[in-house]
Amino acid sequence: MATGIFRATSQQWASRTLRVGAAPKLRTALTGQTLKRSTLSATAQWQQAVRPVLCASFHSSPFRLAPETAANPLKEPPKITAESITVGGKTYKTDSFTNVTPTVLEKTTRQLHLIPTHPIAIIKDLIYSAFPDFKHYETFSPVVTTKENFDDLCFSDDHPGRAVTDTYYVNEKIMLRTHTSAHQLKVMTEADKVLVTADVYRRDEIDASHYPVFHQMEGAQLFDAKTAVDDIRKSIAADTSAVSGSIHTTDTTVITPENPKQDCHDEAAMLATADHLKYSLNMMVRKLFSHEKDLQVRWIDAQFPFTSPSWEMEILYQGKWLEVLGCGVIRQDILINAGKSDKIGWAFGLGLERLALVLFGIPDIRLFWSQDERFLRQFEPSKIQKFKQFSKYPPCIKDISFWSNDDFHENNFCEIVRDIAGDIVEDVQLIDEFTHPKTKKRSVCYRINYRSMDRNVTNAEINELQEKLREEVVQRMKVELR
Ligand code: PHE
């Protein structure tokens, strides 16, 4: 068994280069959230990991789930055993690098950016409208190779982003993407104007202000290197996109040896590409922040292994400079590998939560993952509206233990719970299981979290439901209660 692979503490990625769009460190307390920072030892984490993932939510509302297509492998619950991990319909062997946990793998099935009424998707769509003829990609599996996430993007072998403390590895060569740039090379082989939206994963604590999963959008545009200067001048002149309000941009960045032009680039073409990049992104934020009268934007120098020169964009929001994206002129080696050696291009990567927190006034990063209708029902496609805080009604928790049998399937069990308790069930978790050494019978214990969305539930009424459940599971599944 792979122990010793978990480091005691998870360090932040040492450099700034890969933190764009990461969860801002808010310190807002939120009632009713159940995610806790893991205090388990490495071995205990692994023991927990070898247990099948089961944390079902039973809400029939269409608001709760990403659009379900029968054949979407990303919707299949991930499975973890000591030897292998199945995620996105594919099975991978584990090894001494493996550090993905059930909780994080479960997130791969959520795909918040595909739920039209979710703030993340609303912002995604607004950004799409700022880049009208770009090709969209939004269903890439989060499981990528280290080659795609790092090597193809010119990351050095000792880049801190590669550390097992910072990155979720399925095994030595397979990982959960840490940024949407992992798909840059592939999409640039297919089109010259691309937008990739996806969930990205970085090892971090889990509490009100930290979250190991967030969403990014990657954009890239390529121009013919020979005609770039002219093409870009014409394209900016022809831009008729209506933007309301004014935008004040501060850009004191200059090309220096620390943030250099690539030797292979013609200076005029590179400068035109950089202008087009900044112009396009200024227009995009102007659109998003159309309610702000005088939007203040500033550009600062940055460093990424896959762009040079590189910058970050910051927006002045309620008196604070907020970092929203990283970008730059794409390294020519990457274009050559994409079969586009005669092109020059820009790329950006922006954090969608970062923008959503600000635009919707959402006080806590974990709310994005809420299954509560009072969260999800607040939003409408294409509309930015301020979040209204709500408090949760208290839960009522009941456990049920029984000897399972060969025909037992937890989905069937879940179906019975849903039948009996409907929306009053918030979640069901397998909290204990063991096999009797002599009889070889398997015992399971499920914890059911009953909680109404709109009223306090009484212990008496839940006891009644629980009693009904106990009767039904015996009758329908022929299991033996303990
Ligand atoms: N991938 C970078 C990050 O996650 C952002 C980025 C994308 C920077 C594209 C430059 C170009 O921080």
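The values are calculated or read from the model by the stated rules, or taken from the named source; none is laboratory data. Keep in mind the model is a prediction, meaning the values are calculated, not measured. Quick reminder, even Gly has a Cβ in these numbers, built from the backbone with ideal geometry, and neighbours come from all protein chains shown. Side chains included, ligands, DNA and RNA excluded: accessible areas come from the protein's heavy atoms. Shrake-Rupley method; radii C 1.70, N 1.55, O 1.52, S 1.80 Å.
Taking residue 381 as meeting all but one of (1) away from the ligand (no atom under 16 Å from the Cβ); (2) farther than 22 Å from residue 224 by Cα; (3) assigned to a helix (DSSP H, G or I), write down the number of the exception.
It is condition (3) that residue 381 fails.
Consider the stretch 314-337. How many of its residues are more than 30 Å from residue 294 (Cβ to Cβ), out of contact with any strand residue (DSSP E or B) (no Cβ under 7 Å at 6 or more places or on another chain) and open to solvent by 10 Å² or more (accessible area, probe 1.4 Å)?
4
For residue 394, state whether it is open to solvent by 30 Å² or more (accessible area, probe 1.4 Å) and either within 30 Å of residue 224 (Cα to Cα) or not hydrophobic (A, V, I, L, M, F, W, C) (or both).
Answer is yes for this residue.
Of the conditions (1) modelled with pLDDT of 95 or more; (2) open to solvent by 30 Å² or more (accessible area, probe 1.4 Å), residue 205 satisfies every one except a single condition; which number is it?
So residue 205 meets the others, but not (1).
Can you find a residue that is away from the ligand (no atom under 15 Å from the Cβ) and more than 17 Å from the chain's Cα centre (by Cα) anywhere in the stretch 175-187?
Among the residues of the stretch 175-187, not one is away from the ligand (no atom under 15 Å from the Cβ) and more than 17 Å from the chain's Cα centre (by Cα), which makes the answer no.
Within the stretch 88-108, take every residue that is open to solvent by 20 Å² or more (accessible area, probe 1.4 Å) and of a type in the set (S, T, N, Q) and give me the one that is modelled with the lowest pLDDT.
Ranking the qualifying residues of the stretch 88-108, first place goes to 103.
Could you identify the single residue in 155, 150, 140 that is of a type in the set (Phe, Trp, Tyr), open to solvent by 30 Å² or more (accessible area, probe 1.4 Å) and in contact with a helix residue (DSSP H, G or I) (Cβ under 7 Å, 6 or more places away or on another chain)?
Details: 155 fails: open to solvent by 30 Å² or more (accessible area, probe 1.4 Å); 150 fails: open to solvent by 30 Å² or more (accessible area, probe 1.4 Å).
After ruling out the rest, the residue left standing is 140.
Out of the residues in the stretch 210-268 that are within 24 Å of residue 193 (Cβ to Cβ) and polar (S, T, N, Q), which is surrounded by the most Cβ atoms within 10 Å (Cβ to Cβ)?
Restricting to residues being within 24 Å of residue 193 (Cβ to Cβ) and polar (S, T, N, Q), the top hit is 216.
In this structure, does residue 354 turn out to be buried (at least 16 other Cβ atoms within 10 Å of the Cβ) and within 16 Å of the ligand (Cβ to nearest atom)? Before you say what the answer is, go through the steps one by one.
On the way: buried (at least 16 other Cβ atoms within 10 Å of the Cβ): yes; within 16 Å of the ligand (Cβ to nearest atom): yes.
Here the answer is yes, as residue 354 does meet what is asked.
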